[in-house]
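First up is the structure itself, then whatever we jot down about it.
Throughout, read-outs are computed from the coordinates displayed, never taken from laboratory work. Bear in mind that the values here come from a model prediction, so they are computed numbers and not experimental data. Cβ sites come from the backbone with ideal geometry, for glycine too, and all protein chains shown count toward neighbours.
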Amino acid sequence: MKVTEHIEKANGRTLFSFEIIPPKKGKNIQELYDNIDPLMEFNPPFIDVTTSREEYVYVDRDGLLDRKITRMRPGTVGICAAIKHKYNVDTVPHVLCGGFSKEETEYLLVDCHYLGIENVMALRGDAMSHQKYFEPSNGGHHYACDLVKQIQDLNKGKYLHDVIEADDKADFCVGVAGYPEKHIEAPSLKSDLKRLKEKVEAGANYVVTQMFFDNSKYFAFVEAARQAGINVPIIPGIKPIAISRHLQMLPQVFKIDLPESLISEVEKCKNNKEVRQVGIEWCIQQSKELMEGGAPVLHYYSMGKSSNIEKIARKVF
């Protein structure tokens, strides 16, 4: 079932969903299942699985460093299929512009279609570590908007080098990212909303936001989006703070602000166990307020660990 259909079927009730990261090479999928198992009690209608783009590694060859491209995590589509089969739940693979040509994107989408995966999250992705700005792969998309267009072309039976009959068309529900505190590269929130509207006009069916810790920013973002003519569901993305280092790391990596009251509470903590509890309590209150404000889904960034998400969900759902 499509994410939008799950939302419609809920009839105004806020749903629970979460996002996981594929394990690194050498890890067993059982570790992933162990973190998903406790969260299935809360009946997530869908689970997102992120995609990691390629990375450079340096191999020593007779005293000379040889740069090679590798992927450190297993394929997102395979993990989505495994989760879908094991839990009978819809999965949402993340599809990136970065690291993929248009042909490789098409192959990935064809696999999703064959496996009965109906939802995809279309993202540009980040620049590689050695790049100052994002650079598309050879033959790949520069913008998420163009990726959305390619997915919608498949929904119409238009492949890159072929057109197929109606019976075999894909029918993907497409999610895209939104930024309540604007994307790092956007000159203003208003211009960022223009880019979001372009993605929706290209065929995006729903939006999931970047994490935020001040709900007023989410509600203001939704209102501004509606005024701009963006009328698809806007799902808040939420992450509980878990370690004291998050005070510096999250603003640096995601270019977000943390409320002074949250900073103050974390700074009072003597260890990360106390920080984790502060993060849980903050997220519980944040979740309840978002639910009261009519958020269609609460989407938690679990980062592969479920114990704090389980504690939050138990108090909220």
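So the values come out like this:
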read-out: Charge dipole magnitude, Cβ of K and R +1, D and E -1 - the chain, Cα centre, debye nearest 20; value: 680 debye
read-out: Extension gain from A220 to M40, taking 0.36 nm per residue of separation minus the Cα-Cα distance; value: 61.7 nm
read-out: Projected label distance in nm at S261 and Y87, using a 7 Å step from Cα toward the beta-carbon; value: 3.2 nm
read-out: For peptides 7-14, 198-205, sequence by mean Cβ density within 10 Å, most packed first; value: 198-205, 7-14
read-out: Highest-first arrangement of 185-191, 214-220, where packing means the average Cβ count within 10 Å; value: 214-220, 185-191
read-out: Listed residue (I117, I7, P22) projecting farthest to the positive dipole end of the chain, Cβ model; value: P22
read-out: Computed lengthening from I184 to D162, 0.36 nm per intervening residue step minus Cα-Cα distance; value: 4.2 nm
read-out: Order of F221, F172 under a 10 Å beta carbon neighbour criterion, fewest first; value: F172, F221
read-out: Proximal aspartates and glutamates relative to K2, as straight alpha-carbon distance under 13 Å, when same-chain residues fewer than 8 apart are discounted; value: D48, D90, E118, D171
read-out: Two-decimal Rg/Rh across the stretch 233-307, once Rg and the Kirkwood Rh are taken from alpha-carbon atoms; value: 0.96
read-out: Estimated 222 nm signal from helices in the chain, with DSSP H stretches of n ≥ 4 weighted -39500 (n - 2.57), rounded to 500; value: -12500 deg cm²/dmol
read-out: Rg ratio (alpha-carbon, reference 2.2 N^0.38 Å) - the chain; value: 1.00
